[in-house]
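Since the structure comes first, as structure tokens, the remarks are kept for the end.
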Amino acid sequence: MQTDLIEQLTPRESEVLEQVARGIKRREVAQQLGMSINTVKYHLRNAYGKLGACHLAQAIGRVRSSELQAQR
């Protein structure tokens, strides 16, 4: 079920979430990806919603859990 949630993320949502999860600041992500800080926040909010997460740590946990389940 969680794998289905991950697959619902757009490529851009996944990319932004991955960068922020690596510890890159949102402003730096925006610069690297050529978007505004508000667009970064928009993609993160959408990703959190699709993952059923309230914050970054919870979103990362759900992604990692899903990846572990997919490896089985």
Original post:
Exposure proxy check: Tyr42, Tyr48 ranked by fewest other beta carbons within 10 Å?
Top reply: Tyr42, Tyr48
**OP:** Would you mind calculating the relative contact order of region 2-71 from Cα pairs under 8 angstrom and at least 6 residues apart, reporting the percent as a whole number?
**Re:** 42
Subject >> Radius ratio Rg over Rh of the chain, counting only Cα atoms, Kirkwood formula for Rh >> reply: 0.97
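Since every read-out is calculated from the coordinates, none of them should be taken as a lab result. Being a predicted model, the structure only gives us computed values, none of them experimental. Note: ideal-geometry Cβ built from the backbone for every residue, glycine included; neighbour counts use all protein chains shown.
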